[in-house]
Each structure stands twice: as C-alpha cells, then as structure tokens.
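**Student:** Handing you a structure now.
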Amino acid sequence: MATVLSRALKLPGKKSPDLGEYDPLTQADSDESEDDLVLNLQQKNGGVKNGQSPLGEAPEPDSDAEPAGSAKPHLSEVTTEGYPLEPLGGLEQKAASSMASYVRTSVFLLMLVVSTVLVLVCAFLIPCPPRDLHSTWSRRLGPQGGGDLNPLELADVNGDGLRDVLLSFVTLRNGSTAGVSRPPALLVCLSGMNGSTLWSSPLPEEARDVTCLDLMPGSGAGTVCLVTGTHKMLSAFNGTSGKAIWTLNPNYLSNGTLAAPGVMLPDLDEDGVRDLVVLAIGEVQPDLCFLLVSGRTGSPVGRPVKYSIVGVGNLIGPQVYITASGAVYILFGFGNIQAVALRDIFVQAQNRDSSPPSLQIEEPEWEKRRSINLSELIDVYSYGVELLQMVKAADSNCSNLLITTRQGLVLLRGQNLTPSWTLSLQGLRSQPTPGYFTDDETLDFLLQIPSGTGMKKVMVVDGDSGLVTWSYSVPCRMRETPTTSAATVDQKSVFLFWAEGLSAPSPSSDVTLGTEAPDLHHLYLLHPAFPSILLDLANATGTVTASEVGINDLWKDAFYVTRTTGPSSEGHPAPLVVSKLSLRWALMEGQVVQLKETTPKIGRGELRRFLSRIKFVDSPYQM
C-alpha cells in the first residue's frame with residue numbers, strides 16, 4: 001500500500017534513478033514517513049474507503065511497472081521542497097511583461113501630467129464667459145428735462161457677449177439756460193451686465209431714434225449706432241467708444257427737417273459699406289424729400305429727390321422692402337402706403353440714365369400697380385393707415401405687410417400685394433407684437449385694445465386665418481403700454497404685456513379688477529402651452545415708456561429691459577429709471593394668476609418643471 005501511495009505521489013528518493021524501481025534498502029526507512037503522509041492524506045481527503053480512491057476509482061495493483069504513457073520528472077526539474085522549477089524562458093517572458101507594463105504606466109502618467117498642465121494653462125489664459133442667469137438690476141438716471149420720445153436699443157458694444165443698453169433722453173441741467181431754444185440731450189450706453197455707464201455723448205437735440213446697424217456685414221467691424229434727431233441731426237457713433245464717426249451736414253436739409261429715422265440700404269456707391277436713406281419733410285406737407293447718405297462718410301450720395309404726395313393721417317415709413325426676386329422698393333405715405341423703386345431714386349439723385357445692375361431688378365406684380373400716367377409711385381394701400389410692419393412669411397423668403405388701420409388689421413401678401421385676411425377692430429392704436437402662439441409655424445400677433453374706462457382687452461390673432469384665438473380683459477390706466485415677445489427653441493413664443501394687479505376672476509365675468517394703487521403696474525407673461533394662466537413676473541411704479549427683449553446666446557436666456565418714468569412729486573420732475581430682468585430667473589420666481597379653472601388642474605410641480613426647461617433663442621421673425 002505504501003508503494004502505491006509513493007508511486008501516486010511520486011515522492012522523491014523512493015525510486016531508483018537508474019531502474020525506475022523502489023530501493024528495498026530504503027523502503028524500511030521511509031515506512032514511518034509514508035505512514036504519516038497517509039494519515040495526513042486521509043484527514044484531508046477523507047481517506048480510502050472500501051479499497052477505492054476518494055474519486056471512486058479502483059486502486060492500482062501492487063506492481064513495479066509504470067503505467068503506460070506516464071512521464072517521469074527529471075531530477076533537474078524538481079526542487080528539494082517538491083515544487084517544479086520554472087523554465088528559463090518563462091523568466092524572460094515575465095521580465096519582458098514587467099518592462100512593457102512599466103512603459104505603459106509611464107506613458108499614461110506622462111500624458112496625464114501634460115493634460116493637467118494644458119487644462120490649467122487654458123483656465124488661466126481663457127477668461128470664463130460672464131454668467132448672467134440671475135442678472136437683474138435697476139439704474140436711476142436722474143430727472144428728465146422733458147421730451148416725448150423714448151428711444152431704447154440693445155446691442156453688444158463691448159464684446160463681452162451680453163447686449164448692452166443704449167438710450168437717449170433730454171437733460172434738465174441746461175434746460176433753462178438763456179439762449180438755448182431746445183434743451184441738450186444725452187446718448188448713454190449702460191452695461192448689460194450690471195447697468196454701469198460705459199460711455200455717454202452729448203447730442204445737440206432730442207433723439208427720435210437710436211438704431212445699431214451692421215454697415216459692413218461679415219467684416220467684423222465694430223458696432224455702429226445711428227442716431228436720428230427730431231430736427232436735422234443724423235449722426236453715426238462708434239458703439240465701443242461712444243465717439244461720433246460722422247454727422248450729416250444740416251445744410252443738406254435746409255428746406256426741411258427729418259421726418260423719420262434713417263433706413264439702411266444696399267451699398268450704392270460701391271465703397272464696401274452699406275448706405276442710408278432719410279426722409280425729410282418741408283414746410284408744406286406734400287413736399288417730401290429723399291436723401292441718399294453714404295454709410296462710410298455721411299456725405300450725400302447725389303442730390304435730394306422730391307416727391308409730392310397727398311394724404312391725410314400719420315406719416316408712414318420710410319421702410320425698405322426687398323422682394324423674393326431681389327427688387328428693392330421704398331414704402332412711405334401719409335395715411336396711405338405708396339412705393340417707389342430704389343432704382344428711380346438713385347437715377348434722379350445721380351442725374352443719370354443708368355443704375356447699378358443690382359437695382360435694375362423689377363417685381364412684375366408690383367410694377368402692375370403703377371399709376372395710370374406711369375408715374376414712379378406705386379399704390380400699395382390707399383386709406384386710413386395708422387401703422388405698417390413687415391413680418392416674415394412662412395411660405396416664402398420674403399415678408400408680408402401687416403397694416404394697422406382705423407377699422408382693424410389687414411395682412412397683405414408681399415409677393416403680389418393681395419389681402420390674405422382682414423380683421424375688423426375699433427380702437428387699435430398700438431403696434432401688434434408678432435410671435436408664435438399656434439402650432440402652424442405662422443406668425444401670430446398680440447394686440448391691445450381699449451375696452452372701457454381703465455380697462456383694455458389683450459388678444460392673440462391667428463396669423464394664418466386672422467381669427468382671435470385668445471383674449472382677456474385686464475385693468476390698465478396707462479394710455480399706451482409696450483408689448484414684446486421672446487422666441488423659444490421649440491418654435492413657440494412667450495408674450496409680455498403690462499397691466500394692473502389681477503385678482504381671482506368673478507364667476508360671472510372674465511374681467512379681473514386690480515385692488516392696488518393705480519400707479520403700480522405688473523409685467524405678465526403668457527405662454528401658449530398654458531393659455532389659462534398668466535405669470536406675474538415683476539412690477540413697476542410710474543409709466544413704462546419703452547421695452548426691449550434681448551437674448552443671452554450662451555445661456556439660452558432672455559432679458560427684459562424697460563425704460564420707466566417714475567411718479568413725480570410737486571416741484572420735482574419725474575426720474576428716469578432703466579431696469580433689466582432675467583426671464584428664466586423670473587419664470588421660476590413669478591406668481592401664478594389663474595384666469596379660469598381647467599380640467600385637469602395644472603399642478604404647481606408640473607408647471608415649474610415645464611418652465612425650468614424653457615430656453616430662449618434669437619427672434620427668427622425679425623426682418
């Protein structure tokens with residue numbers, strides 16, 4: 001039995017190195033050690049039961065012969081402890097594997113260190129963009145010295161990615177100085193980040209309009225701010241420094257005054273800078289004069305061109321309209337809308353028979369409307385025009401004409417000047433605000449109409465059909481309040497308007513009466529996804545005279561800037577206050593005003609989750 005176990009375990013020293021058999025002289029000496037080994041094996045493996053091995057196999061017979069196919073270990077491959085030695089090739093493979101692992105680790109650590117250094121260098125060299133998610137500020141500019149106009153413009157003039165605020169107002173300081181017929185005015189630029197003054201420039205007269213233009217598209221040139229005065233001032237300012245680039249010589253307007261803001265044209269004198277056209281009016285109403293002005297130098301491009309028109313009502317235009325084929329027309333009028341081809345103005349201004357190829361394009365449908373005597377004027381709309389807007393058309397690459405009249409609202413197709421729809425409304429005086437309310441990707445319009453003493457009706461008109469899709473009556477004692485809209489990434493718009501504080505609606509009427517002081521007004525937001533509620537975002541005292549919405553492209557946020565004339569006290573003029581409000585922050589902090597009960601009810605958590613996902617983009621419907 002000891003022989004069997006010794007063979008099975010291949011114990012060293014029990015076989016003859018020459019014959020492969022056990023040595024009988026050493027057999028007795030190893031009996032004791034073999035018996036101890038057997039006992040240990042029985043304790044570990046359960047021993048041999050009924051003549052069988054623990055695996056259930058029959059024991060080998062007591063024979064000196066080796067089983068066929070068994071390999072004999074060489075003495076050089078056996079250690080004194082009974083463990084086989086590794087071959088020399090295995091040691092070499094282990095050494096090579098250790099070296100490769102060391103190289104890989106070294107390369108990884110080196111790349112990690114280099115990447116860390118690059119990140120730190122970029123963090124120090126590249127400034128972080130300003131985070132403007134919760135930027136809300138209010139700036140008091142002091143008392144105004146009068147003036148009926150309230151220009152307000154947004155443009156990034158300092159290159160920080162946030163649009164800054166430009167405005168003009170009449171000062172009080174020198175208003176009573178002897179010999180000064182009109183009080184001087186200031187053009188001020190406020191930082192969009194914190195409301196601090198970036199620069200200010202004196203103006204010789206009150207500004208009618210402030211517009212920032214890109215006179216050199218694609219050139220990366222700085223922002224140019226065009227300021228049009230109420231009398232004869234037309235100046236271009238450097239938006240970064242606030243210094244005047246050029247000023248139109250008033251002598252070119254000796255027979256009249258500027259009637260409207262300057263309008264940007266294509267490059268007429270081929271100097272690489274887009275040019276301008278201004279409309280001047282003489283002492284007698286029919287005398288209207290067009291003057292082409294170089295955008296680079298501010299000098300006239302030719303002589304003034306006069307037209308005699310007859311009309312009753314507001315001055316319309318001038319506005320530039322470019323058809324789908326590229327023809328350029330100037331729209332203007334008095335209580336009506338007429339058009340003249342820019343080609344005709346240019347030819348008369350230059351006193352020559354030819355014009356640049358870009359101005360020789362004609363629009364056949366427009367040319368058909370020329371007067372019977374083949375004059376240069378084209379009749380577009382003939383009676384009762386109060387306002388004219390150009391709005392983006394959904395089915396073409398040109399714009400449509402939205403006309404506000406004394407009787408209502410008319411939408412003309414820009415391609416052929418035929419009416420798309422007409423809405424009869426009485427008392428519409430404020431300019432409609434375009435935006436996306438319905439799901440047809442056609443621009444809709446927010447309107448405000450007086451509806452009794454201290455009340456107004458706010459409504460949304462479907463831009464495709466001209467039908468009223470949403471309306472509500474709110475208290476408001478301000479005669480005219482601005483309305484605005486902001487586009488979102490999901491092809492929708494939020495609409496903002498001012499009214500007095502709203503309370504819960506009465507069961508018999510949709511009118512909600514305010515209970516606060518009459519000089520406190522609230523800013524309300526309407527979202528097309530929740531037409532049964534309004535969000536109360538902010539409030540202001542005094543009169544809101546102008547408002548604009550800008551976009552922070554980096555954070556997909558919109559900000560709302562207002563120009564407010566505060567309440568005046570006895571002996572003290574009303575102060576001018578400019579405020580900025582972040583819309584995404586205001587959406588989460590605003591108060592919900594329930595206009596009517598809905599089924600199922602709108603949960604507060606559902607509403608907050610929806611509002612938190614709103615992201616704003618640049619207006620796709622501005623022409």
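**Student:** Within the P(r) computed for region 430-623, what percentage of the Cα pairs occupies the region above 21 Å?
**Tutor:** On the way: 9779 of 18721 pairs.
Taking all Cα-Cα pairs of region 430-623, the fraction more than 21 Å apart is 52 percent.
**Student:** Count neighbours as other Cβ atoms within 10 Å of each site's Cβ, and list the GluC sites (Glu not before Pro) in region 513-609 that are DSSP loop with at most 10 such neighbours. Display every interim value, and only then the final one.
**Tutor:** Working: sites: Glu516, Glu548, Glu570, Glu589, Glu597, Glu606; in loops: Glu516, Glu570, Glu597.
The qualifying sites are Glu570, Glu597.
**Student:** In the structure shown, do any of Lys232/Lys392; Lys456/Lys580; Lys580/Lys615; Lys556/Lys601; Lys232/Lys580; Lys456/Lys596 have a Cα-Cα gap over 24 Å, and if so which?
**Tutor:** Details: Lys232/Lys392 33 Å; Lys456/Lys580 26 Å; Lys580/Lys615 18 Å; Lys556/Lys601 29 Å; Lys232/Lys580 32 Å; Lys456/Lys596 18 Å.
Long pairs (Cα-Cα over 24 Å): Lys232/Lys392; Lys456/Lys580; Lys556/Lys601; Lys232/Lys580.
**Student:** Using the per-residue mean of other Cβ atoms lying within 10 Å as a proxy for protection, in what order, highest first, do the peptides 413-425, 430-442 fall?
**Tutor:** Values: 413-425: 15.8, 430-442: 19.0.
Going from most to least packed, we get 430-442, 413-425.
**Student:** Kindly rank 243-249, 402-408 from highest to lowest mean number of other beta carbons found within 10 Å of each residue. Before the final figure, lay out each step's value.
**Tutor:** On the way: 243-249: 16.3, 402-408: 18.9.
Result, highest mean Cβ count within 10 Å first: 402-408, 243-249.
**Student:** Per 0.36 nm of contour for each residue apart, how much would the distance between Glu367 and Ser200 grow if the chain were fully extended, relative to their Cα-Cα spacing?
**Tutor:** Values: separation 167, 0.36 × 167 = 60.12 nm, distance 4.64 nm.
Net length gain for the segment: 55.5 nm.
The numbers here are math on the coordinates, done by the rules we state, and not lab data. Remember, predicted model here, so these are calculated numbers, not experimental data. Cβ atoms come from the backbone with ideal geometry, glycine included; neighbour counts cover every protein chain shown.
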